[in-house]
Every structure is written in C-alpha cells, then in structure tokens.
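> Questions regarding the structure given below will be posed in turn.
Only the coordinates and a few stated rules stand behind these numbers; no lab work does. Since this is a predicted model, take the numbers as computed values, not measurements. Cβ: placed from backbone, ideal geometry, glycine included. Neighbour counts: every protein chain shown.
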C-alpha cells in the first residue's frame, strides 16, 4: 500500500486537462460539449472548483473515458517503486522475445517524443 499527499481536486483537474489535450479538444469545445461554461471547466482543470457528479458524468462521456480511467492513480507511486515494477515486468517476460520487443517499442516511442 502506498500513500500520496495530493489535492484530489487538482489531480482530477490535471487528469481531465491531460486527456482533453491528448484528444485534441480545446477547453472551449469540451465546455460546450459538457454544457458547462469555459470558466467552470477552467476552474475544474486547475483544481479550484470541484465538479458535481452530473458534470463529471458529462465530462467522462465527452472525453469517451471510463470512471476508472479518471480515478486511476497507479502512476502516483513513488518513482523507485515504479522502476522496480518495470524491472519486474521485464524480468517476467525475458524469455518471450515478442513481448520484450513490444515493451522496447513502447518505451522507445514514449521516450522519443
């Protein structure tokens, strides 16, 4: 078990912003799609405002993600633990050339951005 000191409003807001940007959606477009003001969405994304359940449902639907996608915080583990888990994944698959090649391609793609 791990514990992370974080502000839930800011974390959720940052995650919504990252997903929105990855999907190439502007803040104005998402606000319109979710039927909320751009100012409200801006406040959500910077962690000043907490969204209602209804607004959260609209945003999730508009971004085409699941509730689990929004609340998944596995990446918030300490860096050393993430590295250890990556090493474990590689070691577990070291005898499977195809999987090692896929892991390699993914890491190379991510790190060459």
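> Tell me which label goes with the value of Cα extents along the principal axes in Å computed from the coordinates here: (1) 34, 33, 27; (2) 58, 33, 22; (3) 52, 30, 22.
The value computed from this structure is option (3).
> Moving on. Output the relative contact order of the chain, whole-number percent, from Cα pairs under 8 angstrom with separation of 6+ residues.
Values: 66 pairs, mean separation 28.0, N = 113.
25 percent.
> For the Cα atoms of the chain, what angle does the longest principal axis make with the long axis of helix 53-63, in degrees from 0 to 90, nearest 10?
Relative to the chain, helix 53-63 is tipped by roughly 60 degrees.
> If you average the sequence gap of Cα pairs under 8 Å that are 6 or more apart and divide by the length of the range 8-73, what percent do you get for the contact order?
Values: 56 pairs, mean separation 26.8, N = 66.
Dividing the mean separation by the residue count of the range 8-73 yields 41 percent.
> By how many degrees, between 0 and 90 and to the nearest 10, does the Cα long axis of helix 97-111 differ from the longest principal axis of the chain?
It is inclined by approximately 50 degrees.
> Rounded to the nearest 0.05, what FRET efficiency do residue 66 and residue 108 give with R0 = 30 Å and r taken as the Cβ-Cβ distance? Could you check?
Details: r = 28 Å, r/R0 = 0.94.
The calculated FRET efficiency here is 0.60.
> A further question follows. If you line up the long axis of helix 8-22 against the longest principal axis of the chain, both from Cα atoms, how many degrees apart are they, to the nearest 10?
80
> What number, rounded to the nearest 500 deg cm²/dmol, is the helix-based mean residue ellipticity at 222 nm of the chain, given -39500 (n - 2.57) per DSSP H run of at least four residues and division by all its residues? Don't jump to the answer; show the numbers that get you there.
Details: 7 runs with 76 residues, N = 113.
After summing the helix terms and dividing by the residues of the chain, the value is -20500 deg cm²/dmol.
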